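Report on the structure given below.
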Amino acid sequence: MRRRPLLFWLGTALLAGFVSIAILAPVLAPHDPRQPLALPLSAPTRDHLLGTNDLGQDILSQLIHGTRSTLIVALSVTAISTALSWIVGLAAGFIRRLEGLLMGLTDLLLALPDLPLILLVLTLIGATRINLILVLGLLSWPAFARVVRAIVIGARISPYVEASRSLGASDAHITMRHLLPATLDALPTKLVLTMRYAVFAEATLAFLGLGAGEAIGWGGMLNEAFRDPLLFSRPAWPWLVLPPTIAIAALILATVWVGGGLGGGPTTRRGTTQRGNSGRQMVISRGD
């Protein structure tokens, strides 16, 4: 087992810290994040360590509750995207009559521009948390489905799969017993990269006014701050802008460091590295 770099452990600690804050948000938040409690745009005080926004709401409390909202979206998107990547990749790699159809759909989704498509869909169906999760999850699986398919194609001609088939094993048994385990080395990287994508996408959409309106989020905090045309002429602007910006950057950096520590790409049982198409890099990458 290779030694992990220091940044991997730092990223892991940061992720664990964010998860802990999200779980304990109601306990850690000093005030109700939606309740005006002080003068608008107040500087930090003992009662309001990060000051207040233009409505007099406590910024620290909003930041803590925003951690929970962001991680709920990120983890839900990651679960949906990963499940679809593996289902489509396994089916396309092993069931040859489905390969053309599934890879055609995959290529179509990869060819569509991300941000305009997401904006269009959310505008049509409404920017609720559930809709946001579904849209991001349903659009972020194609690139890694190709990676899973490539691994399965390499594994299905291996001696142990041929031996299992010659003994009369069913397709379901071969898939679950041999092909699925061969793809699991790619799973940690997929989880980390998709989580990074979901965090950035959720914050970007919320900043553009298409976040989950019923939940407090970091992107939504920035959206509210930048609605003020005189924002940067006010002494309180650092407390309105920097806390959510630093939180977003720290969470994304944590996923980058963890992903870099995992590194290397997925391997098959015979130890050969399978390098698949990791997808195009765009304004909002699709998590792969």
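The values are calculated or read from the model by the stated rules, or taken from the named source; none is laboratory data. Just so we're clear, the structure is a prediction, and the values are computed from it rather than from any experiment. Neighbour counts run over all protein chains shown; Cβ positions are idealised from the backbone, glycine included.
Could you tell me which residue of region 146-186 is surrounded by the most Cβ atoms within 10 Å (Cβ to Cβ), considering only residues that are under 30 Å from GLU202 (Cβ atoms) and touching a Phe, Trp or Tyr at 6+ places or on another chain (Cβ under 8 Å)? Reasoning before the result, please.
Within region 146-186, the first condition is being under 30 Å from GLU202 (Cβ atoms), and the residues that meet it are 146-151, 180, 183-186.
Filter once more, so that each one left must be touching a Phe, Trp or Tyr at 6+ places or on another chain (Cβ under 8 Å): 148, 180, 183, 186.
Details: VAL148: 30, LEU180: 16, THR183: 25, ALA186: 24.
Of everything passing the filter in region 146-186, VAL148 is surrounded by the most Cβ atoms within 10 Å (Cβ to Cβ).
Return the total of residues in region 187-216 being of a type outside the set (A, V, I, L, M), more than 30 Å from ARG96 (Cα to Cα) and either surrounded by 24 or more Cβ atoms within 10 Å (Cβ to Cβ) or modelled with pLDDT of 85 or more (or both). Full working, then the answer.
Restricting attention to region 187-216, the residues satisfying the condition of being of a type outside the set (A, V, I, L, M) are 188-190, 194, 196-197, 200, 202, 204, 207, 209, 211, 213-214.
From what's left, more than 30 Å from ARG96 (Cα to Cα): 196-197, 200, 202, 204, 207, 209, 211, 213-214.
Still in the list and also either surrounded by 24 or more Cβ atoms within 10 Å (Cβ to Cβ) or modelled with pLDDT of 85 or more (or both): 196-197, 200, 202, 204, 207, 211.
Final tally of qualifying residues: 7.
Take LEU110 and decide whether it is in contact with a helix residue (DSSP H, G or I) (Cβ under 7 Å, 6 or more places away or on another chain), under 30 Å from GLY93 (Cβ atoms) and either touching a residue at least 60 places away in the same chain (Cβ under 8 Å) or surrounded by fewer than 22 Cβ atoms within 10 Å (Cβ to Cβ) (or both). Show your work before the answer.
Details: in contact with a helix residue (DSSP H, G or I) (Cβ under 7 Å, 6 or more places away or on another chain): yes; under 30 Å from GLY93 (Cβ atoms): yes; either touching a residue at least 60 places away in the same chain (Cβ under 8 Å) or surrounded by fewer than 22 Cβ atoms within 10 Å (Cβ to Cβ) (or both): yes.
Criteria met by LEU110.
Restricting to region 242-261, and then to whatever is among the β-branched types (Val, Ile, Thr) and surrounded by fewer than 21 Cβ atoms within 10 Å (Cβ to Cβ), can you tell me which residue is farthest from LEU14 (Cα to Cα)? Please lay out each step first, then the result.
Our first condition is that a residue be among the β-branched types (Val, Ile, Thr); within region 242-261, this holds for 245-246, 248, 252, 255-256, 258.
Narrowing further to those that are surrounded by fewer than 21 Cβ atoms within 10 Å (Cβ to Cβ): 245-246, 252, 256.
Working: THR245: 16, ILE246: 13, ILE252: 10, VAL256: 11 Å.
Here the answer is THR245.
Scan TRP86, TRP9 and give me the residue that is among the aromatic types (Phe, Trp, Tyr) and exposed (fewer than 14 other Cβ atoms within 10 Å of the Cβ). Full working, then the answer.
On the way: TRP86 fails: exposed (fewer than 14 other Cβ atoms within 10 Å of the Cβ).
Only one candidate qualifies: TRP9.
Among the residues of region 157-180, are any closer than 30 Å to PRO33 by Cβ and either at pLDDT 80 or above or over 18 Å from the mean Cα position of the chain (by Cα) (or both)? It would help to see each step written out before you state the result.
Our first condition is that a residue be closer than 30 Å to PRO33 by Cβ; within region 157-180, this holds for none.
Looking for residues that are closer than 30 Å to PRO33 by Cβ and either at pLDDT 80 or above or over 18 Å from the mean Cα position of the chain (by Cα) (or both), one finds none in region 157-180, hence no.
Residues in region 117-128: is at least one farther than 30 Å from HIS178 by Cα, modelled with pLDDT under 90 and among the small types (Gly, Ala, Ser)?
yes
Got at least one residue in region 120-137 being in contact with a helix residue (DSSP H, G or I) (Cβ under 6 Å, 6 or more places away or on another chain), closer than 30 Å to GLY100 by Cα and buried (at least 24 other Cβ atoms within 10 Å of the Cβ)?
The answer is yes, given that some residue of region 120-137 is in contact with a helix residue (DSSP H, G or I) (Cβ under 6 Å, 6 or more places away or on another chain), closer than 30 Å to GLY100 by Cα and buried (at least 24 other Cβ atoms within 10 Å of the Cβ).
Give ILE174, ILE216 a once-over and let me know the one that is touching a His at 6+ places or on another chain (Cβ under 7 Å) and either of a type outside the set (Phe, Trp, Tyr) or on the phi > 0 side of the Ramachandran plot (or both). Before you say what the answer is, go through the steps one by one.
Numbers: ILE174 fails: touching a His at 6+ places or on another chain (Cβ under 7 Å).
None of the other options fit; the residue is ILE216.
In the list LEU75, LEU49, which residue meets the criterion of being outside any helix (DSSP H, G or I), surrounded by fewer than 20 Cβ atoms within 10 Å (Cβ to Cβ) and of a type in the set (A, V, I, L, M)? Show your work before the answer.
Working: LEU75 fails: outside any helix (DSSP H, G or I).
Going through LEU75, LEU49 in turn, the sole match is LEU49.
Consider ALA111 carefully, then state whether it is aliphatic (A, V, I, L, M) and within 26 Å of GLY217 (Cα to Cα). Give the steps one after another, and end with the answer.
On the way: aliphatic (A, V, I, L, M): yes; within 26 Å of GLY217 (Cα to Cα): no.
For ALA111, the condition - aliphatic (A, V, I, L, M) and within 26 Å of GLY217 (Cα to Cα) - is not met.
Can you tell me which residue within region 15-37, out of those that are more than 23 Å from the chain's Cα centre (by Cα) and assigned to a helix (DSSP H, G or I), is surrounded by the fewest Cβ atoms within 10 Å (Cβ to Cβ)? First the steps, then the outcome.
Within region 15-37, the subset more than 23 Å from the chain's Cα centre (by Cα) is 26-37.
Next cut, assigned to a helix (DSSP H, G or I) only: 26-28.
Details: PRO26: 10, VAL27: 8, LEU28: 15.
The residue in question is VAL27.
Filter region 89-98 down to the residues that are more than 23 Å from the chain's Cα centre (by Cα) and touching a residue at least 40 places away in the same chain (Cβ under 8 Å), then identify the one that is surrounded by the most Cβ atoms within 10 Å (Cβ to Cβ). Quick ask: steps written out before the conclusion?
At the first step, the residues of region 89-98 found to be more than 23 Å from the chain's Cα centre (by Cα) are 91-98.
Adding the requirement that they be touching a residue at least 40 places away in the same chain (Cβ under 8 Å) leaves 92-95.
Working: ALA92: 25, GLY93: 27, PHE94: 21, ILE95: 14.
So the residue we want is GLY93.
Among the residues of region 54-72, which ones are part of a loop (DSSP other than H, G, I, E, B) and surrounded by 22 or more Cβ atoms within 10 Å (Cβ to Cβ)? Write out each step before concluding.
Step one: filter region 54-72 for residues part of a loop (DSSP other than H, G, I, E, B), giving 54-57.
Scanning region 54-72 gives a single hit, GLN57.
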